[in-house]
Amino acid sequence: MAHTGYWQIAIYLIVLLALAKPLGGYMARVYQGESAANRWLAPLENRFYRLAGVDPRQEMHWTGYAVAMLIFNLLGTATVYALQRLQHLLPLNPQVLGAVTPDSAFNTAVSFATNTNWQGYGGETTMSYLTQMLGLTVQNFLSAATGMAVLVALIRGFSRRNADTLGNFWVDLTRTTLYILLPLSVVLALVLVGQGVVQTFSPYRTVQLTQPVGYEQPKLGVDGQVLKDTAGKPVTEAVVTKEQTIAVGPAASQVAIKQLGTNGGGFFNVNSAHPLENPTPLSNLLEMLAILLIPAALCYTFGVLVGDTRQGWAILAAMTVVLVALVFVTVPAEQQSNPVLAALGVDQAASAQQAGGNMEGKETRFGIVNSGLWAVATTAASNGSVNSMHDSFTPVGGMIPMWLMQLGEVIFGGVGSGLYGMIVFALVAVFVAGLMIGRTPEYLGKKIEAYEIKMAAIVILVPPLLVLGGTALALMADAGKASVFNPGAHGFSEVLYAFSSAGNNNGSAFGGLSANTPYYNSMLGVAMLFARYWLAIPVLAIAGSLAAKKIVPAGPGTLPTHTPLFVALLIGTVLLVGALTFIPALALGPVVEHLQLMAINQP
Amino acid sequence: MDFTFLILTLLFFALSAGLVYGCERLRRSS
């Protein structure tokens, strides 16, 4: 890897960590109701409450908070489903796109409501502008705000004592959207427009090509089926085209929140690899920063709200260590030459003329480092946007994004959900430490007892059940196998990646798997639902249980949770759970594929 | 409009409300 690659990674991390404190401090003030935005926009905020018939002073028990979250998300899912099914009857559809099929509409509605943003469809060929804006972009805001609201409720569980309530879900949701997500998105969208990201209601443009393009395409019979010759091979015909349709639309406003809200659903099918969604190196840097910005800053917010910023820094340190370590696995893996191509004498060395390494599926303007760094960031966070095709990564390079998702999306993770997942791992870590020394574990002054650990067990066990169970079922069912076009280990990796993505609410796709089928749309949709809400509910239950407890002063037997020792213990807990659960499955996919690739060099 | 998937979604959220109830019962009994 060239030294410029190290600099790019270093600059990215420095800017990210430098922004964590100011933004984290601001978000803490928002949730405390003390920011300048709270004061200036209070009339607007109160007007929303009056319109919705909400009393913002009414505190909620954890069960009320959870039910409000469920009802709100049910309504969001139903709305996005209806918009897709009725889009042919609704305005802002200049391409006259038809209704989305029921299974795809279900998958997409669930995907955007759960902050997963798995996309079985191609945006520019499926969704009207109205569906993209009113359905998908709105859910980008609201699903992100839901995750952050659950996190704030959990933090109140730690900071309150002998309390029955966790705050008001509607207030947390409104403040997150109004004071955090909207301002950041407006600023980022405007900067992206300045860089060339498209934002328009105009219909798609048809342009003349500077050179006619000729290609072969399958010939269709009168019945619309592909004609085949006597040998059973498809009959093709030569086609020459002189024009191209360029999809446009209100992309920048969606791209900004899809990155900031760790949603990841692209306006266009190829997501941020599309030149109108991510045109320049600067737009690429800003979009990459936006992926991890709020998850990183929320660690500091957590520290402020529990009254000890060292606790937030410790968690951010644990996340950063894992992220950096895995960046330095993926990027060098992609920078290495492909042995198959090397055997053919292809020059794959990095030079002034080329990025070198494995450039299949990567944009020339981003190169190896920015593709690998994005892949790790987007799967460390539960973002899932891509600027390169993960299916074309080397086996090791592709295994890391997959494993990051399988770790439970706690290395930065989704906005809100990543940190509450990591805090659950912290509870398990102090529990393990407590077992070692025979003392009741404590975290932030709250005793961690059997109930919290039972809830933590649900949080940790649900995703592996969805990922491994879903993969196993898909590979046994004919409908599941019918979508796998790559034979052997790589085909297995594609299915495992799809369920790892849905079962952890990431949303990125390995590609290669034909997932827009009734089977995958349904199975992945159900996986996304359980992965989101059956983790958020036990987290809120933990919050409710902790809020009711008194705060125990730290004593000589208390394990300090802001030290490097605890950071190491936390990292060990996350990695061990992730490794023990998923290494057998990874061994069948990317590990086998890597060994097959290395065997090329053997005599 | 096809209501199969809307009903499936509704069933899931009803089940999730059951999880909320179950978690609270467990909390009160522990």
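Modelled spin labels at A:N46 and A:I14, positioned 7 Å past Cα toward Cβ, are 4.7 nm from each other. Scanning residues 5 or more positions from A:K447 or on other chains, those with amide H under 5 Å from its amide H are A:V552, with H placed 1.01 Å from N in the peptide plane.
In order along the range A:284-290, the phi-based Karplus estimate (6.51 cos²θ - 1.76 cosθ + 1.60, θ = phi - 60°) of 3J(HN,Hα) comes to 5, 4, 5, 5, 5, 4, 5 Hz; Gly and Pro are listed as x. Amide hydrogen proximity for A:L220: with H placed 1.01 Å from N in the peptide plane, the residues at 5 or more positions away or on another chain lying under 5 Å are A:L227. The aspartates and glutamates within cross-link reach of A:K233, meaning a Cα-to-Cα straight distance under 16 Å and a gap of 8 or more places when in the same chain, are A:E216. Size descriptors for the range A:452-579, from the alpha-carbon set: Rg then Dmax equal 19.1, 60 Å. Once the Cα atoms are used to define both axes, helix A:395-406 deviates from the longest principal axis of chain A by about 40 degrees.
Take peptide B:21-29, look around each residue's Cβ out to 10 angstrom, count Cβ atoms belonging to other protein chains, and average those counts.
Values: counts 3, 2, 14, 7, 0, 6, 11, 1, 1.
Counting Cβ atoms of other protein chains within 10 Å of each residue's Cβ and averaging gives 5.
Rounded, prolate or oblate: pick one for the range A:100-254, where a ≥ b ≥ c are the square roots of the eigenvalues of its C-alpha gyration tensor, a/c under 1.5 means rounded, and failing that, prolate if a/b is larger than b/c, else oblate. Because a/c hits 1.5 or more and a/b exceeds b/c, the range A:100-254 counts as prolate. Note the angle between two axes, namely the Cα long axis of helix A:3-32 and the longest principal axis of the Cα atoms of chain A, as a number of degrees from 0 to 90, rounded to the nearest 10. Compared with the principal axis, the helix lies near 40 degrees.
Helix A:42-52 and the longest principal axis of the Cα set of chain A meet at an angle near 80°. Within a straight-line Cα-Cα reach of under 13 Å, A:K258 can be paired with the following aspartates and glutamates, leaving aside sequence neighbours fewer than 8 residues apart in one chain: A:E277, A:E287. Calculate the length of the line joining the C-alpha centroid of the range A:336-389 to that of chain B, in whole Å. Each part's Cα centre sits 44 Å from the other's.
To the nearest Å, what is the center-to-center distance of the range A:105-133 and the range A:187-203, using C-alpha atoms only? Taking the Cα centre of the range A:187-203 as reference, the centre of the range A:105-133 is 20 Å away. Shape index of the range A:212-341: Rg/Rh, with Rg the Cα radius of gyration and Rh the Kirkwood radius from the inverse mean 1/r over Cα pairs, equals 1.21. Coupling constants for the range A:588-595 follow from the phi torsions by the Karplus curve (6.51 cos²θ - 1.76 cosθ + 1.60, θ = phi - 60°), and in residue order they are 7, x, x, 5, 4, 5, 5, 5 Hz; glycine and proline get x. The separation of the range A:392-450 from the range A:1-31, counted between C-alpha centres, amounts to 22 Å.
With a cut-off of 14 Å between beta carbons, the residues surrounding A:S483 carry a summed charge of -3, where Lys and Arg count +1 and Asp and Glu -1. Listed values for the range A:436-441 are Karplus-derived 3J(HN,Hα) couplings in whole Hz (6.51 cos²θ - 1.76 cosθ + 1.60, θ = phi - 60°), namely 5, 10, x, 9, 4, x, and x replaces Gly and Pro.
Using DSSP to define loop residues, name the trypsin sites (Lys or Arg not before Pro) in the range A:1-102 whose beta-carbon has at most 16 other beta-carbon atoms within 10 Å.
Details: sites: A:R29, A:R39, A:R47, A:R50, A:R57, A:R85; in loops: A:R57.
Listed in order of number, the matching sites are A:R57.
Loop-located trypsin sites (Lys or Arg not before Pro) in the range A:509-603 (DSSP state not H, G, I, E or B) with no more than 11 neighbouring Cβ atoms inside 10 Å: A:K550. Amide H to amide H, with H built 1.01 Å from N, A:G507 comes under 5 Å of A:A502, counting only residues 5 or more places away or on other chains.
Listed by chain and number, the aspartates and glutamates whose alpha-carbon sits under 16 Å from that of A:K549, ignoring those within fewer than 8 places in the same chain, are A:D164, A:E442, A:E449, A:E452, B:E24.
Where the alpha-carbon atoms of the protein assembly as shown are placed on the principal axes, they occupy 79, 62, 48 Å, in descending order.
We did not get these values from a lab; they are worked out from the coordinates using the rules stated. Remember, it's a predicted structure, so these values are computed and weren't measured experimentally. Cβ: placed from backbone, ideal geometry, glycine included. Neighbour counts: every protein chain shown.
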